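> Mind looking over this structure? Questions follow.
The values are calculated or read from the model by the stated rules, or taken from the named source; none is laboratory data. From a predicted model like this one, the values you see are computed outputs, not experimental measurements. We place every Cβ from the backbone using ideal geometry, glycine too, and count neighbours over all the protein chains shown.
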Amino acid sequence: MRPIKKVYDNILETIGHTPMIRLNEIVKDFPCEVLAKVEYFNPGNSVKDRMALQMIENAEKEGKLKPGGTIIECTSGNTGMGLALAAIVKGYKLICTLSDKQSKEKMDVLRAMGAELYVCPTNVPPEHPDSYYSVADRLHKEIPNSYYPYQYDNPGNAQAHYDSTGPEIWEQTEGRITHFVVGVGTGGTISGVGKYLKEKNPDIQIWGIDSYGSVFKKYHETGEFDEKEIYSYITEGIGEDILPKNVDFDVIDYFEKVSDKDGALATRELAKKEGLFLGYSCGSAFQGLRQLKDRLKPEDVVVVLFHDHGSRYVGKVFNDDWMRDRGFLTTENSTAGDLVRA
Ligand code: PMP
């Protein structure tokens, strides 16, 4: 864990030590305490600052990233922001490949932070030459003195959460945590935190939140990589059509799937009921937990991790027209409509 200082020498030193905030109104019908680890308090407004810096520091130590080098990464946006902070402070160039379903706000933010972007089609398989994985791979081969962290398989990703996020959660709950709930994309967050917490107390339940259209839940339950599970969905950051090495299926006790609509409505509900202005996958994480609440007992202490900030989704889940166009709002009155589930 990085030390807390009176004066930080640069923005990277402010990563981590995010607050744990009790949920109140929205969990009135839960039997137990529910705490939120709110990761938008990181300087890049997401949990991914932690792993981005870790991957860069590891690469520097291993001699894979040299002065004047170029970092190339495929990202849903948040890792790109973390890498942008590291690139600026440490003097590297940054190129990000993104899929075209990522929000305009994420792309604008990355450009504002000096990154060069390649926007790639979402609806192509990972091995297609235009996929955001393939484009990053090609650029890495073409550009001399470049480093491609590839967050899906990079051990620095889960390591960052084992070294910082996990210990913070353990300390902030004074070891009382019984359940950890989080959305799963590359798997770095759940695997690093899950491993740390299980080492402290193997009884802690680790629940991963997956998206309809993703392979994780079926693979976890059957060991089968079922291509029939794969179809495109709107939620950003969680679920995959590949099996990243960073998903440690052994530390995960259960996967729950959440629909695009229910995740979007829960994101809006968290803002209005708790004052937490969060990203789309945070609504999904909470909704997944809500779907599982009958498994909880009064003495349980649940921690749900919220990945990023709502400002990256103002044109999406927080935009009534966007919600209506997708049939996510069920009445003309958006405020009442948020609470109606058709
Ligand atoms: N939510 C958001 C918004 C994300 O950007 C990510 C990262 N892909 C996740 C959830 C999932 O986190 P992880 O990659 O650590 O599994």
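> Quick one: count up the residues across the range 95-132 that are buried (at least 20 other Cβ atoms within 10 Å of the Cβ) and not in a strand (DSSP E or B).
Count: 8.
> Which residues, counting only those in the range 254-298, are within 16 Å of the ligand (Cβ to nearest atom), of a type in the set (Asp, Glu) and more than 13 Å from Ser211 (Cα to Cα)?
none
> Let me ask another. Considering Tyr92, Tyr148, Tyr162, which residue is buried (at least 20 other Cβ atoms within 10 Å of the Cβ), touching a Lys or Arg at 6+ places or on another chain (Cβ under 7 Å) and at pLDDT 95 or above? Explain how you work it out, then say what you get.
Working: Tyr92 fails: touching a Lys or Arg at 6+ places or on another chain (Cβ under 7 Å); Tyr148 fails: touching a Lys or Arg at 6+ places or on another chain (Cβ under 7 Å).
So the residue among Tyr92, Tyr148, Tyr162 that is buried (at least 20 other Cβ atoms within 10 Å of the Cβ), touching a Lys or Arg at 6+ places or on another chain (Cβ under 7 Å) and at pLDDT 95 or above is Tyr162.
> Just to verify a result, which residue in the range 175-191, among those that are out of contact with any strand residue (DSSP E or B) (no Cβ under 6 Å at 6 or more places or on another chain) and more than 17 Å from Val38 (Cα to Cα), is surrounded by the fewest Cβ atoms within 10 Å (Cβ to Cβ)? Explain how you work it out, then say what you get.
Filtering the range 175-191 for residues out of contact with any strand residue (DSSP E or B) (no Cβ under 6 Å at 6 or more places or on another chain) gives 175, 185-188, 191.
Among the residues that remain, those that are also more than 17 Å from Val38 (Cα to Cα) are: 175, 185-187, 191.
Working: Gly175: 12, Gly185: 28, Thr186: 27, Gly187: 27, Ser191: 28.
It comes out as Gly175.
> Among the residues of the range 165-174, is there at least one that is of a type in the set (S, T, N, Q), under 15 Å from Val303 (Cβ atoms) and in contact with a helix residue (DSSP H, G or I) (Cβ under 6 Å, 6 or more places away or on another chain)?
The first filter runs over the range 165-174 and keeps only residues of a type in the set (S, T, N, Q), leaving 165, 172-173.
Restricting the remaining residues to those that are under 15 Å from Val303 (Cβ atoms) gives 165, 172-173.
If we keep only those that are in contact with a helix residue (DSSP H, G or I) (Cβ under 6 Å, 6 or more places away or on another chain) as well, we get 165.
Within the range 165-174, one or more residues are of a type in the set (S, T, N, Q), under 15 Å from Val303 (Cβ atoms) and in contact with a helix residue (DSSP H, G or I) (Cβ under 6 Å, 6 or more places away or on another chain).
> Pairs needed: first member in the range 44-60, modelled with pLDDT under 95 and assigned to a helix (DSSP H, G or I); second member anywhere, more than 10 Å from the ligand (Cβ to nearest atom) and among the β-branched types (Val, Ile, Thr); C-beta distance under 7 Å; at least 6 residues apart or different chains.
Once the first residue is modelled with pLDDT under 95 and assigned to a helix (DSSP H, G or I) and sits in the range 44-60, no partner that is more than 10 Å from the ligand (Cβ to nearest atom) and among the β-branched types (Val, Ile, Thr) comes close enough.
> Now, a different point. Restricting to the range 183-202, name every residue that is more than 7 Å from the ligand (Cβ to nearest atom) and touching a helix residue (DSSP H, G or I) at 6+ places or on another chain (Cβ under 7 Å). Quick ask: steps written out before the conclusion?
Let us first name the residues in the range 183-202 that are more than 7 Å from the ligand (Cβ to nearest atom), namely 191-202.
Of everything in the range 183-202, those that are more than 7 Å from the ligand (Cβ to nearest atom) and touching a helix residue (DSSP H, G or I) at 6+ places or on another chain (Cβ under 7 Å) turn out to be Ser191, Gly192, Val193, Gly194, Lys195, Tyr196, Leu197, Lys198, Lys200.
> Tally up the residues in the range 18-30 that are in a loop (DSSP other than H, G, I, E, B) and surrounded by 15 or more Cβ atoms within 10 Å (Cβ to Cβ), please.
Taking the range 18-30 as the starting set, the residues that turn out to be in a loop (DSSP other than H, G, I, E, B) are 18-19, 23-24, 28-30.
Retained after the next criterion (residues that are surrounded by 15 or more Cβ atoms within 10 Å (Cβ to Cβ)): 18, 23, 30.
Total meeting the criteria: 3.
> Give the residue, chosen from Ile234, Ile242, that is surrounded by fewer than 20 Cβ atoms within 10 Å (Cβ to Cβ), within 15 Å of the ligand (Cβ to nearest atom) and more than 22 Å from Ala158 (Cα to Cα). Write out each step before concluding.
Values: Ile242 fails: more than 22 Å from Ala158 (Cα to Cα).
The unique qualifying residue is Ile234.
> Applying the selection to the range 278-332, what residues are assigned to a loop (DSSP other than H, G, I, E, B), among the charged types (D, E, K, R) and farther than 17 Å from Thr235 by Cα? Step through it out loud before you land on a result.
Applying the first criterion (assigned to a loop (DSSP other than H, G, I, E, B)) to the range 278-332 yields 279, 292, 296-300, 307, 314-319, 326-332.
This time we only want the ones that are among the charged types (D, E, K, R), so: 297, 299-300, 316, 326, 332.
Matches in the range 278-332: Lys297, Glu299, Asp300, Glu332.
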